[in-house]
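The structure appears right after this line, and notes come after that.
The values are calculated or read from the model by the stated rules, or taken from the named source; none is laboratory data. As the structure is a computational prediction, the values presented were derived from the model and not from experiment. Positions of Cβ are generated from backbone atoms using ideal geometry, with glycine treated the same way; all protein chains shown enter the neighbour counts.
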Amino acid sequence: MTTVFGIPIQALFSQLLVGLINGSFYALLSLGLAIIFGLLNVINFCHGALYMLGALLAWLMLEHAGIGYWPALILSPLAVGLFGALIERTMLKRLRGLDPLYGLLLTFGLALVIQGVARNYFGVSGEPYDIPPQLTGGKNLGFMYLPNYRGWVILVSVLLCTLTWFVTERTRLGSYLRAATENPLLVQAFGINVPRLITITYGLGVALAAFAGVMAAPIYRVSPLMGADLIIVVFAVVVIGGMGSIFGSIVTGFALGVIEGLTKVFYPEASSTVVFVIMAIVLLVKPAGLFGRTT
Amino acid sequence: MRIASRLLALVVALPVVALAQGKTIKIGVLNDQSGLYADLGGQGSVTAAKMAAEEFGNKVAGMPIEIVFADHQNKPDIGSSIATKWYDVDGVDAIVDVPNSGVALAIAKITADKNKVFIDSGAATSDLTGKACTPNTVHWTYDTWSLANGTGKEVVKAGGDTWFFLVADYAFGKALERDTSAVVTANGGKVLGSVSHPLNASDFSSFLLQAQSSKAKIIGLANAGGDTINSIKAASEFGIVQGGQKLAGLLVFITDVHALGLKAANGLQLTSAFYWDRDDKTRAWSKKFAARFNGREPSMVQAGVYAGVMHYLKAVQALKSKDDGKAVVAKMKALPTDDPAFGKGTIRADGRKIHPMYLYEVKKPAESKGPWDYYKQIKEIPADQAFRPLDKGECPLVTAAKK
């Protein structure tokens, strides 16, 4: 058997693929964060909590209303998106123009509240959520057994990331959004409703998080802490990619998933820290992040 | 001036502390209240301790009983500082529960230094009654040796003679791996390798793929709580079991099975000291517990907290004093134990509580009559075989007594 650094090449391939799956979640989450930071200048610390809320809603719908995975994939992000719009309208809006630190503190507080309430009602062990019947089973790829559902996660996440990038960079709506970030007053003078645009953006950003949450529900447990465990890594991804860079956050998300996967082969004990080591190095060499603009 | 004010503070503070220590029995439940081990202990352990106190009418030897609790967040430094404050300032007499072997080992040492009482239920490491034993520690519910001896031995006997371990990377995982490896090799099996993962890892697919490529017949999960749940879930997803390899959950709590669902967990063999549906006494007690705790059945850790506090209070009652921790623990060892959760038992010289252990298999969804009806008993491991023999533990208390 061919080996690389003493690891069979097959094992290496399968680890790369597993890394890519984790990277999908990093990319989906960091994408939402990047959009929100890029357009609203808000460091959205409740992103993880809203990701958890997305998964929890999907579970609640299944448990109490019999609504399955597919409708939940639409309904749950919609509900969380509306909730996000409410947060923006009632709270974040008041902090516009202030130091981004205020937004960070507000959203961090919100995250603690949301998680605390969920923990109080659902405990921490989490609730099981089954893989939808259409996606159970898996395929033998020769070097590894790929569960269908994980393949689906990679596929959807790549599609969604491309779509989001396309909308913000290549469409009229996207150009309004980007213009509104640069100079809100001027854009408003052209007759565009900037506050509404911002509310929609925030809603979309957190809806992405909820979507990732529903995608994650069958893989991980639906647990109140699922977001808290992930959010710090995702923030590292955003920082490495460059705050606010949409393209950067997508690429970095997938890349870091792969690097983390490889670490699990060569030195598993370090797998939870490797992302932060990379972050420290990137910050030293390129403080604005790999794809960030220095302003 | 400064010295004078400090002296004054001391004079004022001293009687208060003495007063607090003299009048009430304070029992501190120290465990994970918010993290991956919160469901198997957490507030449930606090409820269990309160139930024990209430059976004494909240009063022993004329002293009212007070139950306090705190969250050690699975960090030995935080646990230690809470314990020190409890003992020195708040007048706590005994600390109970303390899951997480890393924290438990730290608390055992502090408790011995301050001559208080430590009744552990949640932690697994057999070192608590081995190398790290103290005259102030009682280890109630289970330990890594008894788990290895239960699940490990049975699995090897059933033909699972090659093993690969998934190990939680701290004191508990290492101890469980060590004790199980010993059982596996002693019974003619072979350990092919192991991989250590960080505590509270979110994704186990990568570690499981390594276990898969080892071609071992059995993948031993030397982890607990949320980590075990995620390992089992990922294993069923990646077709590890269909591929012919079997999982052996070395430490599985009923709360884990509840979170996994029977569909993912069925067929899993596990060793437990307590199951709510074992006999009439456990059912009656568990019913009382569930009525106070959102309908959730108690885990073996919570049952152990209840039984441990009961026995502690019995010892205090017999002594009519709580001040000398060493004397209280000696009394606990002298008195036979009897409670609805574990039945009759004893506490050995090294602090090990002795009772039977049980090997269970998780039911298939069709066999279960409703929520929490999860286990069927395969075998009872009698009390005299369930725990490590007294002379094999290297506990200084035992070796010193012999000389």
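Odds and ends about this structure:
Yes/no per residue for (1) in contact with a helix residue (DSSP H, G or I) (Cβ under 9 Å, 6 or more places away or on another chain); (2) within 14 Å of chain B (Cβ to nearest Cβ); (3) closer than 17 Å to A:G48 by Cβ:
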{"residue": "A:F190", "(1), (2), (3)": "yes, no, no"}
{"residue": "A:R196", "(1), (2), (3)": "no, no, no"}
{"residue": "A:A216", "(1), (2), (3)": "yes, yes, yes"}
{"residue": "A:L225", "(1), (2), (3)": "yes, yes, yes"}
{"residue": "A:D229", "(1), (2), (3)": "yes, yes, yes"}
{"residue": "A:I232", "(1), (2), (3)": "yes, yes, yes"}
{"residue": "A:G248", "(1), (2), (3)": "yes, no, no"}
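- Within region B:125-138, the set of residues being in a strand (DSSP E or B) and under 19 Å from B:Y170 (Cα atoms) is empty.
- Restricting attention to region A:212-229, the residues being charged (D, E, K, R) and modelled with pLDDT of 90 or more number 0.
- Flag for B:K233 being surrounded by 21 or more Cβ atoms within 10 Å (Cβ to Cβ), in contact (Cβ under 8 Å) with a residue 12 or more places away in the chain and within 11 Å of chain A (Cβ to nearest Cβ): yes
- Yes/no for B:V138 being away from chain A (no Cβ under 14 Å) and either without any contact (Cβ under 8 Å) to a residue 12 or more places away in the chain or β-branched (V, I, T) (or both): yes
- Residue in region B:193-201 that is in a loop (DSSP other than H, G, I, E, B), in contact with a Leu (Cβ under 9 Å, 6 or more places away or on another chain), at pLDDT 95 or above and over 22 Å from B:K326 (Cβ atoms) present: no
- Filter result for the condition that a residue is surrounded by 22 or more Cβ atoms within 10 Å (Cβ to Cβ), within 14 Å of chain B (Cβ to nearest Cβ), within 21 Å of A:I219 (Cβ to Cβ) and of a type in the set (V, I, T), over A:V153, A:V80: A:V153
- All strands (runs of 3 or more DSSP E) inside region B:18-116 with 1 or more residues being free of Cβ contacts under 8 Å to residues at least 60 places away in the same chain: B:63-71
- For region A:45-63, a residue qualifies if it is surrounded by 24 or more Cβ atoms within 10 Å (Cβ to Cβ) and either within 11 Å of the chain's Cα centre (by Cα) or part of a helix (DSSP H, G or I) (or both), and the qualifying residues are A:H47, A:G48, A:A49, A:L50, A:Y51, A:M52, A:L53, A:G54, A:A55, A:L56, A:L57, A:A58.
- Spans of helices (runs of 4 or more DSSP H) in region A:133-207 with at least 2 residues farther than 30 Å from A:L95 by Cβ and among the aliphatic types (A, V, I, L, M): A:148-170
A quick yes/no check of all residues on (1) under 13 Å from B:Y374 (Cα atoms); (2) away from chain A (no Cβ under 14 Å); (3) in a loop (DSSP other than H, G, I, E, B):
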| position | (1), (2), (3) |
| --- | --- |
| B:L270 | yes, yes, no |
| B:K287 | no, yes, no |
| B:A291 | no, yes, no |
| B:Q302 | no, no, no |
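- Region A:115-132 - residue that is in contact with a strand residue (DSSP E or B) (Cβ under 7 Å, 6 or more places away or on another chain) and not in a strand (DSSP E or B) and, of those, farthest from the other protein chains (Cβ to nearest Cβ): A:Y129
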